[in-house]
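Worksheet: the structure to be examined is printed underneath.
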Amino acid sequence: MSQRLIFEVGKPGRKGHSLPRCDVPVRGIEEIVPEEYLRSSDPELPQVSEVDAIRHFTALSRLNYGVDNGFYPLGSCTMKYNPKINEDVSRLAGFSGVHPALLDCAVQGCLELLYRTDLLLAEITGMARVSLQPAAGAHGELSGLMIMRANHEQNKEEQRKKIIIPDTAHGTNPASAAMVGYEVIEVKTDSRGNIDPAELRQLMSEEVAGLMLTNPSTLGLFEENIIEVAEIVHDSGGLLYYDGANLNAIMGITRPGDMGFDIVHLNLHKTFSTPHGGGGPGSGPVGVKKELVPFLPTPVIQYRNGQYMRDYEQPLSIGQVKSFYGNFAVVAKAYAYIMSMGAKGLRNVSKTAVLNANYLMNKLKEHFYLPYERTCMHEFVLSGQTQKEKGVSTLDMAKRMMDYGFHPPTVYFPLIVKEAMMFEPTETENREVLDEVAEILIRIAREVEESPELVKGAPYRTPIGRLDEVKAVREPILKWTPPRKNNE
Amino acid sequence: MFGYMSGTDSEKKTMLTEMGYQSMDQLFHDIPAKVRLIRDLELPTSLSEMELAGHMKALAKRNVTTEEYSCFLGAGAYDHYIPSAVDHIISRSEFYTAYTPYQPEVSQGTLQAIFEYQTMVCELTGMDVANASVYDGATAIAEAANMAGRITRNKEIVISRTVNPQYRKTMHTYARFNGQRIVEADYQKGATDVAELESKINSETAVIIIQNPNFFGAIENVKEIAALAAKHNILLITSVDPISLGVLKPPGELGADIVVGEGQSMGNPLNFGGPYLGFFAAKEKYLRQMPGRIVGQTVDGKGNTGFVLTMQTREQHIRREKATSNICSNQALNALAATVYLTLMGKQGLREVASLCLQKAHYAYSKLTETTIFTPCFPQPFFKEFIVKSRYPLNELNHKLLKHGIIGGYDLGSDYPELENCWLLAVTEKRGREEIDLMVKKAVETA
Ligand SMILES: Cc1ncc(COP(=O)(O)O)c(C=O)c1O
């Protein structure tokens, strides 16, 4: 079922483009550019017609599975439906054709959109201002932690170079911390899925910059001690960082700002329905409490004298974290989403997301081990440990799910749950879908009992079977090599 | 308010009671009352689909666009032609509504497209390995500098002042917190001053960073700088304009160790600054220090060829604080657009686009410098962008040109105080001779 590579499709001389002829007097290229700078042979790019290209990429698309194909309960990723109108309005020529270096007066519509989104997200999270510059969640973390460090440095507390991160945290949390020069201290999660306040108190010191927390956590559980946790961190001079990947559980119900968080990043490509694009682009806005606003990345978008403008005059700012102002077209989709939902709509989203997760969890908990018996938030984590004892792993079951036509949950994360399966159904699914999925999972649990080999050999109905990942690492083939080069 | 949700209220109520709850609020009993929001969020009243479309159109109308204006602005984002087929492919929802391809059996489309993309980036740049993309041209340089630091175990970065000011600003932001030191080397006559560059190298230096064509549009002597890096046993990072590689020598052939760049020019709209994509390629020996996702080819149990995310022990989800980068989501759909773009352009098309830019930019340059208002600034050969010095204040000039439907060049004075009234213009294949003539005419009239 493999699809040929685009490089193997073409024939010399085939073309897929049509360009205007050169209507200015043509000069010899060697006259313009010294020969030593010029390419001696063309790159081995494909040589295909437009129809060849379209068929090739259409065929590739059909090997994929997206939210539009079906249920996609990938935990921590909030694979909700992506409204089509948002695609249309973000692609309007009045946005897509706007050059980012144009003068303020020429881009009032774009600046207004950014400014309004900033304030809307600030209200949703309980922050003062939000920068839309970070390109994804991890980039928001990086920016937020830079703000944390800049703040401590400003307060002459350069020694605060450690950061506390729970063992359930996403890998980007410690990785971002390392990139801003922080040493990571891991705090353990207790048997209820909370941080142990006593342990946290012990870890806090004058050297700790703050605590990075995902709430609800990646276990899908709300941190019950959040008030105490916030107090402990603040009392010893630290700041609270909120990883907003799981905001979909709490919109309009509680806000990071009200819980005591000082810095927040969001994933617009999760909570705010912008599609994930097969791996990106995302958008990872970073929001802060009032005291930290001066540290936000520049430019900050301001509204002054009836005009929107880009403000670079922020002496305490951490500076730019990327070119321009963020993934604008992604922000535009999130803005459109918020505008079409309103306050009641967003609260309804979170309520329904939590309802759906609990509903599915309840149907499955008799068939799979549930390590934390609590009401879950928008997602929940099961363990495949019972099935593992029968020799069938979570990976096997994940692959088997594909045979029944839906995408597996997140597996083997969070790391503290053995054989973890993290389900996030999202609010956009209805009861029939959840019932059907539960039925299939229960059937798979039965298959594990009755015919484990069947599950271990899955998947059978996908375009390709299980792939040899060890071989991929041992004998890396990371690009296509043209035949002529093979002979060299 | 349907909120894109599928379940009805009565359905939800049944689900709730079946679970033994009386109200939705009970689902949230773990949230302490003290932190509950007891009011509605203060957000505008929700809009219907029709109202939303109207609202967004009204915002969009308040922007100047390259659709209606003739654009001579570049400075890191370019108005190149995007074949219609690109958007048709990236609008297929099997591509755009999928997540990162963690489960290869249901993600071969994304994975193979990335494999093809990696191949094309290697072909263009003359490098051995490429990743699946990073956020943009600026973060690509910052990531590359980190990587060079890890490889050489040195902390100092020497960067030419001819590198895009936004890239340098981004690098400074990253470096302030990660312990690297950045030293900037000045330029002479519009290109990196190689002697000055060498004078900045010391035993702590990890890498030299240049851009080619540089921010002024000029073509740098990459080979000479690569030789300098080799002589001092340090690395060379080159940031390149991918379109220029249709005619210019690939940096890999010239001795670069890591090649990065802004990939927006390849099939991605201007979009007021994003989403774009950073491409990232290196010599094979540095593979294990690369940031980001990498796709590799392998086989399934039956021997069928397939693709997977590979070399993952570099990445955050496995290595956590010891990862080569924190990047998780990247710019996959933009990389797909670039892949479709390069496929359609193909072997000859990219050369054609590059030649058109080169010819038209030189035509515009000669027309401008024939006037009495604009004079040449630097003697270097250039590609699609160039600088002229204006006798007339640029801010006013650009404002007035807008009134004639023309987006003028970039005012370099804000980033380079010594280049006051120096105008950086970009001319892509989209600009016709008449547009160029009109721009020159209006610029002269205005002045
Ligand atoms: C809890 C959590 N934090 C951070 C991230 C990183 O987000 P991104 O992939 O947008 O960088 C993720 C993404 O999966 C996540 O689930």
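Observations on the structure shown:
- Distant-in-sequence amide contacts of B:L73, defined by a placed amide H-H separation under 5 Å and a gap of 5 or more residues or a different chain, comprise B:A426.
- Of B:N395, B:Q188, B:Y117, farthest towards positive along the dipole that unit charges on Lys, Arg, Asp, Glu beta carbons give chain B: B:Q188
- Relative intensity, log₁₀ I(q)/I(0), of segment A:414-488 from a Debye sum that treats every alpha carbon as a point, q = 0.19, 0.21, 0.26, 0.28 Å⁻¹: -1.11, -1.20, -1.21, -1.20
- Radius ratio Rg over Rh of segment B:49-125, counting only Cα atoms, Kirkwood formula for Rh: 1.09
- Our note on the geometry: Cα centres of segment A:75-90 and segment A:306-341, 20 Å apart.
- By the count of neighbouring beta-carbon atoms within 10 Å, fewest first, B:T192, A:T214, A:T375 end up ordered A:T375, A:T214, B:T192.
- Prolate/oblate/rounded call for segment A:211-366, Cα gyration tensor, a/c under 1.5 rounded: oblate
- Cα-Cα P(r), segment B:131-204, percent of pairs per 5 Å interval: 3, 16, 25, 23, 21, 8, 3, 0
- Taking the longest Cα principal axis of chain B as reference, the axis of helix B:49-61 is set at about 10 degrees.
- Gyration tensor over alpha-carbon atoms, segment B:84-341, equivalent ellipsoid semi-axes in Å: 31, 20, 16
- Nearest-ten-degree value, helix B:332-370 long axis tilted from longest Cα axis of chain B: 30
- Angstrom value of the Kirkwood radius, inverse mean 1/r, which spans all Cα pairs in segment A:20-130: 20.6
- Among A:61-71, A:456-466, the order from most to least packed when residues are scored by Cβ within 10 Å on average: A:61-71, A:456-466
- Using the alpha carbons alone, the radius of gyration of segment A:93-229 stands to its Kirkwood radius in an Rg to Rh ratio of 1.07.
- Cα convex hull volume per residue for the protein assembly as shown (Å³): 152
- Straight Cα distances below 16 angstrom link A:K333 to the aspartates and glutamates A:E87, A:D88, A:E112, A:D118, B:E49, B:E51, with same-chain residues fewer than 8 positions distant left out.
- Simple Cβ-charge dipole of chain A, Lys/Arg +1 and Asp/Glu -1, about Cα centre, in debye nearest 20: 1180
- Think of the protein assembly as shown as having a plus end and a minus end, set by charges on the Cβ of Lys, Arg, Asp and Glu; of A:P197, A:V26, A:A128, A:V26 sits farthest toward the positive end of this dipole.
- With N the number of residues in segment A:344-473, Rg(Cα) / (2.2 N^0.38 Å) evaluates to 1.09.
- Shape of segment B:160-298, Cα gyration tensor, a/c cut at 1.5: rounded
- Chain B: most fluctuating residue of B:V260, B:V134, B:V106 per GNM, C-alpha cutoff 10 Å: B:V106
- Our summary of shape: the Cα atoms of chain A have principal axis extents of 76, 69, 45 Å, ordered from largest down, in whole angstrom.
- Across segment A:204-267, the convex hull enclosing all Cα atoms gives 80 Å³ per residue.
- Percent antiparallel among DSSP beta bridges (both partners in chain A, rounded to 5): 55
- Coordinate range of the alpha-carbon atoms in segment A:84-341 per principal axis, descending: 55, 39, 29 Å.
- Kirkwood-Stokes translational diffusion coefficient of segment B:1-135, alpha-carbon pairs, 10 °C, 1.306 mPa s, µm²/s: 73
- Built amide H within the under 5 Å cut-off of B:R181, gap 5+: B:E156, B:I157
- Each of B:F382, B:F307, A:F423 has some number of other Cβ atoms within 10 Å of its Cβ, and from fewest to most they run B:F382, A:F423, B:F307.
- Applying the Kirkwood pairwise sum to the alpha-carbon positions of segment A:295-394 produces a hydrodynamic radius of 18.3 angstrom.
- Charges were assigned to the Cβ only: +1 to each Lys and Arg, -1 to each Asp and Glu. The resulting dipole of segment A:344-473 about its Cα centre is roughly 280 debye.
- Of every Cα-Cα pair in segment B:358-426, the percent that sits beyond 15 Å: 52
- Summing Cβ point charges (Lys, Arg +1; Asp, Glu -1) relative to the Cα centre of the protein assembly as shown gives a dipole of roughly 960 debye.
- To the nearest ten degrees, helix B:137-152 and the longest principal axis of the Cα atoms of chain B are 90 degrees apart.
- log₁₀ of I(q)/I(0) at q = 0.05, 0.06, 0.08 Å⁻¹ - chain B, Debye sum with one point per alpha carbon: -0.23, -0.32, -0.55
- With neighbours defined as other Cβ atoms within 10 Å of a residue's Cβ, the residues A:S393, B:S390 order from fewest to most as A:S393, B:S390.
Read the figures in this text as sums done on the coordinates, not as results from a lab. All values derive from a computational prediction rather than experimental measurement. Virtual Cβ from ideal backbone geometry, glycine too; neighbours counted across all protein chains shown.
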